[in-house]
Structures are given as structure tokens and as C-alpha cells.
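**Student:** Quick one: the structure is below, questions incoming.
Bear in mind that the values in this text are calculations on the coordinates, not laboratory data. Fair warning: this is a prediction, and the values are worked out from it, not measured in the lab. Here Cβ is always computed from backbone atoms with ideal geometry, including for glycine, and neighbour counts include all displayed protein chains.
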Amino acid sequence: MIGDEIVARLREYFPIRWSQPTNGFGSLIRTILSQNTNFRNEDSAYKTLDKRIGVSPEALASASIDDVMDSIRSAGLYRNKAPRIVELARIVLEKYCGDLSSLLKKNYDEAKEELMTLPSVGMKTADVFLLFQGNKAVIPIDTHIFRISRRLGFAPKTSNHDEVRRALEAVFRPEDYRDIHLLLIQLGREVCTARKAKCIICPLADICPKLI
């Protein structure tokens, strides 16, 4: 099975970086911070935010936008992310009493639809939450995974987000969804980059059709 081979090779090539918080709200915040930045900047922003303000609905709902902006500056787009984070905290506090666990009791489609009504929560952020917090059988698709999936020939270049997700979920085993999500992101950031892909050092070079 090609999916098993890909997982095995990537596990051998990359250390798996998994830094998702154990609580649902923290997971949402971390994923929002990760948008349009790299792991190092995201990690720095999250740790600074947690140290200065605290990553909880209560702390962030009462925080000033300026303080949040200053704390997450390293993540980039902080002027856009900060007000949305504060708004998200207020909604989670008011609508869910600060606890998102009730969403995890719903089926995948219902939970995702409800999550996507929250500020800055799109398809990828919702899927990350549902995978890491709810153990839902889903592979979140970011720009790296989207690009790699098409280069590997798993999905046509005209495919949309959901089509790529379904194509990947047919290739890999559900028990590997978490690892392959993390591993493909690392592959996209370090090897299969958008420009000048480093095919010569890619662990998948001999099985990739190189549809670049």
C-alpha cells in the first residue's frame, strides 16, 4: 500500500513535531497563530502569549487587543490575528462557558460546520481541532499538503480542499492521519517547497511523478 510506504519513509526522515495543547481552546489559538507562518514563529508567539496573558478564554476575552498584538508579533499578521483571537475568546466564553468539549460529542460534519462559524476558524483550523482534540478521522489540509498531494498525483490540480482531503484519506490508514498531517507539512516546508522543490533529497523521489 503506497500510503504505508510514504508514512514509513517520512517517519524515518523527519522527527514528528507535535505541539498541540491538550485543551481545545488552546489548540484553536495555536492553529490560528500557525496561519501563514512557520513552526518556530508560531511556537514563539504561543509561548509568549501564554506567558504574558494566558491562553484561556477568560484571560484573552478580557485582554486588550494591543497586548495580544504585542504578544503574538512573531507569528506575523498580528494586526489581523489579535482582534480575532479576542473575539473568539469572548464567543467561546459566552456561548460555550469556555469549554469546547461539547463540540467533540457531535459527528464530524456537524462539529466542523459549527466550528467554522467562529472567527478565524476555516476548514483547516476546524479539522486540526477535530483531529487532535476529538480524534476524528480527518486529515487537515494546509497549503503544503495541498501542493504535495497534487504533485504526488493523488488529486488533480483542479481539486478543491475537500476533494484533496478525501483523496488523501483514501490513501492513508486512519490511525496514521495525525502523523501524516504533521509529516507532510514538514516535507512541504523543508523539501517539497512551492518554489525550487529539493527533489534530489526528497525521501519520496523515486515514487513521485513530480507533477510540478
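**Student:** Between residue 98 and residues 5 or more places away or on another chain, which pairs have amide H atoms under 5 Å apart, with H built 1.01 Å from N, and which residues are they?
**Tutor:** 93
**Student:** Of 136/210; 112/198; 51/124; 124/198; 47/198, which ones are farther than 28 Å apart at the Cα? Let's see the in-between values first.
**Tutor:** Working: 136/210 31 Å; 112/198 35 Å; 51/124 26 Å; 124/198 26 Å; 47/198 31 Å.
The pairs that break the limit, which is 28 Å between Cα atoms, are 136/210; 112/198; 47/198.
**Student:** Please find the FRET efficiency linking residue 106 to residue 2, where r is the Cβ-Cβ separation and R0 is fixed at 30 Å, and quote it to the nearest 0.05.
**Tutor:** Values: r = 33 Å, r/R0 = 1.09.
Once the sixth-power term is evaluated, E becomes 0.40.
**Student:** Rounded to the nearest 500, what is the 222 nm mean residue ellipticity of the chain from helices alone, with -39500 (n - 2.57) per DSSP H run of 4+ residues and division by all residues?
**Tutor:** Working: 11 runs with 120 residues, N = 212.
It lands at -17000 deg cm²/dmol.
**Student:** Which is the longest part of the chain that has none of the trypsin sites (Lys or Arg not before Pro) sitting in a DSSP loop with at most 13 other Cβ atoms within 10 Å? Mind dumping the intermediate values first?
**Tutor:** Working: sites that count: 17, 157, 195, 196, 198, 210.
The longest such stretch corresponds to 18-156.
**Student:** Something else: Tell me, what is the FRET efficiency for residue 62 and residue 99 to the nearest 0.05, using R0 = 25 angstrom and their Cβ-Cβ distance as r?
**Tutor:** Working: r = 17 Å, r/R0 = 0.69.
Given R0 = 25 Å and the Cβ-Cβ separation, E is 0.90.
**Student:** Taking 0.36 nm per intervening residue step and subtracting the Cα-Cα distance, what contour gain separates residue 73 from residue 161 on full extension? List each step's numbers first, then the result.
**Tutor:** Values: separation 88, 0.36 × 88 = 31.68 nm, distance 2.87 nm.
My answer for the length gained is 28.8 nm.
**Student:** Which entry in [x] 25; [y] 52; [z] 34 matches percent of Cα pairs over 30 Å apart derived from the coordinates of this structure?
**Tutor:** It is the value labelled [x].
**Student:** Moving on to the next point. Work from the charge dipole of the chain (Cβ charges, +1 for Lys and Arg, -1 for Asp and Glu, about the Cα centre) and give the residue of 96, 202, 75 farthest towards its positive end.
**Tutor:** Checked the options; the winner is 202.
**Student:** Given a 10 angstrom Cα cut-off, can you work out which residue in 15, 119, 83 is the most mobile in a GNM of the chain?
**Tutor:** Highest fluctuation of the listed residues: 15.
**Student:** With r as the distance between the Cβ atoms of residue 173 and residue 210 and R0 = 35 Å, compute the FRET efficiency 1/(1 + (r/R0)^6) and round to 0.05. Walk me through the intermediate numbers first.
**Tutor:** Working: r = 25 Å, r/R0 = 0.72.
Efficiency, from the Cβ-Cβ distance: 0.90.
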